[in-house]
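Since the structure comes first, as structure tokens, the remarks are kept for the end.
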Amino acid sequence: MKDLSTFFYLFFVFNGFHILFDAYMAVGMPGTGSAGIIVMLQCISSSKKAAVAFCGISFALWVLHFVVLLFKYIKVCCHYRLHSHMFLEAKQQAYLGFTQSGAGQAAAGVYICSNTGTFV
């Protein structure tokens, strides 16, 4: 069941945003609450040794998390291509899941019973 195209596309979207977020946090724009490389450089220039240590640890952990997620993303992408999943297949699986769910059946019933043929 977990080898469905729909799950792959959900993984690609959400893990892709997570990878971008890790990169953003590792950079450490001032005022964002992250302790990345830019904040660490500011702390070095103002001689704050404890802050430099904490920013260095934070930066290293963000980069480590980024690398792990990127590795996982590449492995899943290779598995996806090996099993030749396609977007059309994911779309059909999503439609099938929607029509088999109670919410999908209720929505279809409302649509069929409406006079105008549109959802109200």
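Values in this text are rule-based calculations from the coordinates and carry no lab data. Note that the structure is predicted; figures quoted are calculated from it, not measured. Cβ coordinates were reconstructed from backbone atoms using ideal geometry, including for glycine residues, and neighbour counts include every protein chain displayed.
General observations
- Equivalent ellipsoid dimensions for segment 35-78 as semi-axes, Å, which come from the Cα gyration tensor, largest first: 30, 8, 4
- Net charge, residue 65 excluded, C-beta distance under 15 Å - Lys, Arg +1, Asp, Glu -1: 0
- Annotation: Cα Rg of segment 1-40 relative to the compact-globule expectation 2.2 N^0.38 Å equals 1.65.
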